[in-house]
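Participant: Please read through the structure below; I'll follow up with questions.
The values are calculated or read from the model by the stated rules, or taken from the named source; none is laboratory data. A quick note: this is a predicted structure, and the numbers were derived from the prediction, not measured. Neighbour counts are summed over all protein chains in view; Cβ atoms, including those assigned to glycine, are modelled from backbone coordinates with ideal geometry.
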Amino acid sequence: MDNIDFLGNGWSFPIAVQKEKLCTSEGEALVRESIILILSTARGERVMHPEFGCRLNEMLFASNDMITATLIESYVEEALLEFEPRIEVLDITAVPRQNQSIIDIAIEYEIKATNSKYNLVYPFYLESVGK
């Protein structure tokens, strides 16, 4: 069985059109896009699948500190374990940027079918209250 068959193929995320055709992704790129889609989707946002997504939106107005970062790590791990069965999460680290309203979420994961290790940094923007 080919790894791409196991990992799948489909529309790229974000959806794009090139030469009057929808762009597609396959294999490891599709898994990476799936992770970004999970993190970008708030729970309850999808009408037909309300439990899908990550609880990151609950942290939108939180302070930029290690307490928030620890909660974010927990929410990201929970979402990836539930909605992305093609990977094994190796490590998740959320680090607040100094003097900014951004927490960088570093995700290390392994694709189960290929035993290939990847990492992804997802910046989460906190809404600054009073700015």
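Participant: Just name the residue that is nearest to LEU30 (Cα to Cα) out of those in segment 64-92 that are surrounded by fewer than 14 Cβ atoms within 10 Å (Cβ to Cβ) and either touching a residue at least 40 places away in the same chain (Cβ under 8 Å) or of a type in the set (Val, Ile, Thr) (or both).
Facilitator: THR70
Participant: Same structure again: Scanning for something in a helix (DSSP H, G or I), at pLDDT 70 or above, closer than 24 Å to ASN115 by Cα and hydroxyl-bearing (Ser, Thr, Tyr), does segment 30-37 turn up at least one residue?
Facilitator: Residues of segment 30-37 in a helix (DSSP H, G or I): 30-37.
Restricting the remaining residues to those that are at pLDDT 70 or above gives 30-37.
From what is left, the residues that are closer than 24 Å to ASN115 by Cα are 30-37.
This time we only want the ones that are hydroxyl-bearing (Ser, Thr, Tyr), so: 34.
Yes: one or more hits.
Participant: Which condition number in (1) in contact with a Ser or Thr (Cβ under 6 Å, 6 or more places away or on another chain); (2) more than 26 Å from ILE111 (Cβ to Cβ) is the one that ASP65 fails?
Facilitator: The one condition ASP65 does not meet is (1).
Participant: When SER116 is evaluated against the numbered criteria (1) exposed (fewer than 15 other Cβ atoms within 10 Å of the Cβ); (2) under 18 Å from ARG43 (Cβ atoms); (3) small (Gly, Ala, Ser), which criterion, by number, is the only one it fails?
Facilitator: (2)
Participant: Could I ask something else about it? With ALA62, ALA106, ALA94 as the choices, which residue is of a type in the set (Gly, Ala, Ser), under 13 Å from LEU126 (Cβ atoms) and part of a strand (DSSP E or B)?
Facilitator: Values: ALA62 fails: part of a strand (DSSP E or B); ALA106 fails: under 13 Å from LEU126 (Cβ atoms).
The match here is ALA94.
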